[in-house]
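Working notes, structure below.
The values are calculated or read from the model by the stated rules, or taken from the named source; none is laboratory data. Please read these numbers as outputs of a predicted model, since none were measured by experiment. Please note: Cβ atoms are built from the backbone with ideal geometry, for glycine as well, and neighbour counts cover all protein chains shown.
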Amino acid sequence: MRADAARRRQAIVKEARRLFAAQGGGVALETVAEGAGVGIATLYRNFESRHALADEVALAILDDIGRAADDGLADITTAPDAAWTTFVNRLVGLDLGALSAALAEYVTAAVRTTQAQTLARVEELLGSAKNAGLVRDDLDALELIVGIGLITRPQPDAVQAATPNLVPRLVSILLAGMRPPTDD
């Protein structure tokens, strides 16, 4: 693929990801194309359907989760607490809550396979975090991802206005709740 074609394809995926998170999976593909700075024909040359685009977005998200887990694994032996907190905060930054609802109906075999591989990488990091005493033994990778997805779901304007720091507060509570119980 030519470099300019690859850039256009990436722009489409990036814009679809942003719009799916903000507006849901039913956003008009014309809106995605316009936001990516391409025509609708270019979008369809790259992605023959909404499902194909949603698959690519899901794969990009899973790739980001996997990279975050790999980075966490690289750092957890030297700075366990910082590596774990950085990993969790990277997951929060991925808008998992908004994207999971938007993409739920578009899961294919390829996405499921990548999801299983990504969860295995997260599970490996989780094991290291458990060994470092940062995470309780009964937490698994899917629970972690779903938990972060739940606390990062878009909230109504009234909730956002009443609690503008809701997500950081919930992340702090989640991190504290993942710690192993103390033997007091």
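Cβ-Cβ under 7 Å, sequence separation 6+ or interchain: first residue in the stretch 15-28 and surrounded by 14 or more Cβ atoms within 10 Å (Cβ to Cβ), partner outside any loop (DSSP other than H, G, I, E, B) and not aliphatic (A, V, I, L, M). Which pairs?
Matching pairs, first to second residue: 15/35; 19/31; 19/35; 25/105; 25/106; 27/20.
Hey, could you check the stretch 45-80 for residues that are free of Cβ contacts under 8 Å to residues at least 12 places away in the same chain and over 16 Å from the mean Cα position of the chain (by Cα) and say which is farthest from residue 128 (Cα to Cα)?
The extreme case among them is 45.
If we scan the stretch 114-126, do we find a residue that is farther than 30 Å from residue 180 by Cβ and either touching a helix residue (DSSP H, G or I) at 6+ places or on another chain (Cβ under 7 Å) or not in a helix (DSSP H, G or I) (or both)?
Scanning the stretch 114-126 turns up at least one residue that is farther than 30 Å from residue 180 by Cβ and either touching a helix residue (DSSP H, G or I) at 6+ places or on another chain (Cβ under 7 Å) or not in a helix (DSSP H, G or I) (or both).
With the checklist (1) touching a residue at least 24 places away in the same chain (Cβ under 8 Å); (2) under 25 Å from residue 168 (Cβ atoms); (3) not assigned by TED's automatic domain parsing to the domain that holds residue 120 in hand, flag the one item residue 42 doesn't pass.
For residue 42, the failing item is (2).
Could you name every one of the helices (runs of 4 or more DSSP H) located completely within the stretch 29-98 that has at least 2 residues being surrounded by fewer than 20 Cβ atoms within 10 Å (Cβ to Cβ) and on the phi > 0 side of the Ramachandran plot?
Output list is empty.
Which of the residues that make up the stretch 151-180 are modelled with pLDDT of 85 or more and under 21 Å from residue 122 (Cα atoms)?
The answer is 151, 170, 171, 172, 173, 174, 175, 176, 177, 178, 179, 180.
Counting only residues that are surrounded by 14 or more Cβ atoms within 10 Å (Cβ to Cβ), more than 15 Å from residue 143 (Cβ to Cβ) and modelled with pLDDT under 95, how many does the stretch 106-131 have? Let's see the steps before the verdict.
Pass one, the stretch 106-131, residues surrounded by 14 or more Cβ atoms within 10 Å (Cβ to Cβ): 106-108, 111, 114-115, 118-119, 121-130.
With more than 15 Å from residue 143 (Cβ to Cβ) added as a condition, the list becomes 106-108, 111, 114, 121, 124, 128.
Next, from what is left, pick out any that are modelled with pLDDT under 95: 106-108, 111, 114.
Of the residues in the stretch 106-131, 5 are surrounded by 14 or more Cβ atoms within 10 Å (Cβ to Cβ), more than 15 Å from residue 143 (Cβ to Cβ) and modelled with pLDDT under 95.
Going through the stretch 60-84 one residue at a time, which ones are of a type in the set (A, V, I, L, M, F, W, C) and in contact with a Lys or Arg (Cβ under 9 Å, 6 or more places away or on another chain)?
Result: 60, 61, 65, 68, 69, 73.
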